[in-house]
Amino acid sequence: MRNPEQAPRALRRPRTTRRVGRGGRLLWGVSHSLIWLYALALVLPLYYLVISSFKKTTDIFDSPLTPPLDPVWHYFGDAISYARLDLAMVNSALVTATALVLTLLLAVPAAFALARSRGRLSTLLERIFAMGFLVPTFAALVPTFLMAAYSGLFHTRTFVILLLPAGALPLSVVLLTQFMRTVPPELEESARVDGAGTWTVLWRVFVPLSMPGIATVLLLNFLNFWNEYLYSLVIIGPDTSQRTIQVALPTLQANQATEYGVLMAGTAITLIPVYIVYVVLQRRMEQALISGAVKM
């Protein structure tokens, strides 16, 4: 006879164990090793930049990855005073913020119109916007220079403020169009029934639901505008009162003897606004990536 105590064990479902072969363990180890190597490749230059901002030039080359034993704190103040990075940062903030506002004011209505339209004309317009990716930066340099000279805006921040949104519109319109197409048409119909006009539907329905996409556009364009160097150098020039921070930063490098600690400190200062903006918009951009992955 079967022991009564063993009866419940006989009714239990047999335990299944998942065995991972050598190939699976090897793949797991290789993938995690590559991830850590990639993370190290991203963190190591930032670590080198930060510690070099507190070290003398000889220490930077003698022990590049060693933390500073005797930190030099006045390099940050020297970088700001030598290259007037404080004024240059204000100019960059003014150019970047104004260009971002103009980009959104132009890209959001354009994306709204393309997202609601159906037909060959809207498809053609969307492809025309997408063709903007094919224009290289250097190819438009000479026409841009001539346009600035003929318009009387050469050596001014105003022309750069008007120029940056023109280069950012293709990416902004294409991204926002895809986000606005995910808005259910029933929401627009309900708003229309309640008496909402076109602009009300745009700002009360489409814009709030497209905030992850707008945050993505803001972050990508902020990085491009803040780090823009070529057109700022050519159009604005070396004028201390108007030049941006990317144009002012190379002036810390001398022909004979460069104090690399001061140069590293100035570079670190330029990264502070980028880090702040990324922290503010990080969650919105992650929501955009997650929502896009779920809808695919």
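Observations
- Residue that is within 32 Å of the chain's Cα centre (by Cα), at pLDDT below 90, of a type in the set (Lys, Arg) and farther than 30 Å from Thr156 by Cα, where the choices are Arg2, Arg116: Arg116
- Failed item in (1) open to solvent by 20 Å² or more (accessible area, probe 1.4 Å); (2) in a helix (DSSP H, G or I); (3) touching a residue at least 24 places away in the same chain (Cβ under 8 Å), with Thr240 passing the rest: (2)
- Restricting Leu187, Leu230 to residues that are touching a helix residue (DSSP H, G or I) at 6+ places or on another chain (Cβ under 8 Å) and either surrounded by 14 or more Cβ atoms within 10 Å (Cβ to Cβ) or at positive phi (or both) narrows the list to Leu187.
- Counting only helices (runs of 4 or more DSSP H) that sit wholly inside the range 36-131, those with at least 3 residues that are open to solvent by less than 80 Å² (accessible area, probe 1.4 Å), touching a residue at least 40 places away in the same chain (Cβ under 8 Å) and not hydrophobic (A, V, I, L, M, F, W, C) are 85-116.
- Every test in (1) under 30 Å from Gly152 (Cβ atoms); (2) out of contact with any Phe, Trp or Tyr (no Cβ under 7 Å at 6 or more places or on another chain); (3) of a type outside the set (S, T, N, Q) is passed by Val234 save one, and that test is (2).
- Residue within the range 165-185 that is over 26 Å from the mean Cα position of the chain (by Cα) and not in a loop (DSSP other than H, G, I, E, B) present: yes
The values are calculated or read from the model by the stated rules, or taken from the named source; none is laboratory data. Quick caveat, the model's predicted, so the values are computed rather than measured. As a convention, Cβ positions derive from the backbone with ideal geometry for all residues, glycine included, and neighbour counts pool all protein chains shown. For the accessible areas, the whole protein counts, side chains as well, though only heavy atoms, and no ligand, DNA or RNA atoms are used. Shrake-Rupley method; radii C 1.70, N 1.55, O 1.52, S 1.80 Å.
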